[in-house]
1. Residues with amide H under 5 Å of Thr242's amide H, sequence separation 5 or more or different chain, H placed in the peptide plane at 1.01 Å from N; which?
2. For a label point 7 angstrom out from the Cα of Gln108 toward its Cβ, which stretches of segment 39-60 have the backbone nitrogen within less than 14 Å?
3. For Asp15 and Asp145 in the same chain, what is the full-extension length gain: residue separation times 0.36 nm, less their Cα-Cα distance, in nm?
4. Under a Cβ-only charge scheme (Lys and Arg +1, Asp and Glu -1), can you give me the dipole magnitude of the chain about the Cα centre, in debye to the nearest 20?
5. Using square roots of five times the C-alpha gyration tensor eigenvalues, list the equivalent-ellipsoid semi-axes of segment 44-106 in whole Å, biggest first.
6. Note down the Stokes-Einstein diffusion coefficient of segment 18-81 in µm²/s, whole number, using a Kirkwood radius over alpha carbon pairs, 10 °C, and 1.306 mPa s.
7. With the contact rule set at Cα under 8 Å and sequence spacing of 6 or more, what percent relative contact order holds for segment 125-244?
8. Expressed as a fraction of 2.2 N^0.38 Å, the rule-of-thumb size for a compact globular protein of N residues, what is the C-alpha radius of gyration of segment 161-244?
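Taken together, the values in this text are just the output of simple stated rules run on the coordinates, not laboratory data. The model shown is predicted, which means the values in this text are computed figures rather than measured ones. Note: ideal-geometry Cβ built from the backbone for every residue, glycine included; neighbour counts use all protein chains shown.
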Amino acid sequence: MGTTPGSFAQYVLADHRHVLPVPDELACEEACALPTGLLTEHGALMTAGFRAGQSMLITGATSSIGRIGVRIAKALGAGQVIATTRSAAKRDLLMGAGADTVVVTDAQDLTQAVLDATGGEGVDVALDHVGGQTFAACLPATRTDGAVVNIGRLDTAASTSDLDALSYRHLRVAGVSFGFTRPAELGAVIAAAGERLPAAVADGASASRVRPLIDTTLPFATSTEAAERLRSHQAHGKIILTAP
């Protein structure tokens, strides 16, 4: 299993540094949906300097990649994982994935809810998949000397942030986009994920095992329809294409 550009094809040429062996416990459909989430979320944690025992905020956690982030954080020993969703109906989904606290952003103020859940301190690390003003809300929700890493822009790429929250808390802010990372650097990110996460992927008995959220499995010939399902925001999770 691995990652490479132009992979809507039956055969692709892949850099040897960008592939991992498929664990015996993982079905082929799960294997093809997992690498992007693994390398993105684990790479973002590496960028943040995450250590076991630290508290985490994961925004947009019901997205396919965000949900993997919750599971990886728990697998690597996060002390507290706070996850966000816009819908109260998805609270149980996130609790089942391992979140300790769920913030429903349509009904709660994100910053205040995180501060309340952490005794007013904020989290050690925030992984933001939403962007826009959600990214701005992560800054005052992160404790002094903490880290905020933007991964996605599910809302918008534009954000108006309070620089006092950034400066007074001595925060480290980074952005990652591993699809545009240089080959050697991407190889290092994948290798690190391959070293630290196999047990969490292979643990079929654990409720918090690392697995992708799969929306639908479609035949390869319907790739156009699959892409349209993604663009229209109908998909809840990964779409799998299977070759004949």
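1. Leu218, Phe220
2. Label zone hits: 56-60.
3. Values: separation 130, 0.36 × 130 = 46.80 nm, distance 3.68 nm.
Extra length from Asp15 to Asp145 when fully extended: 43.1 nm.
4. On the way: 19 positive and 24 negative charges, 36 e Å.
Dipole of the chain, to the nearest 20 debye: 180 debye.
5. Working: eigenvalues 75, 23, 19 Å².
After scaling each eigenvalue by five and taking roots: 19, 11, 10 Å.
6. For the chosen part, D equals 127 µm²/s.
7. Numbers: 155 pairs, mean separation 21.9, N = 120.
Relative contact order, segment 125-244: 18 percent.
8. Values: Rg = 18.7 Å, N = 84, 2.2 N^0.38 = 11.8 Å.
Dividing the Cα radius of gyration by 2.2 N^0.38 Å gives 1.58.
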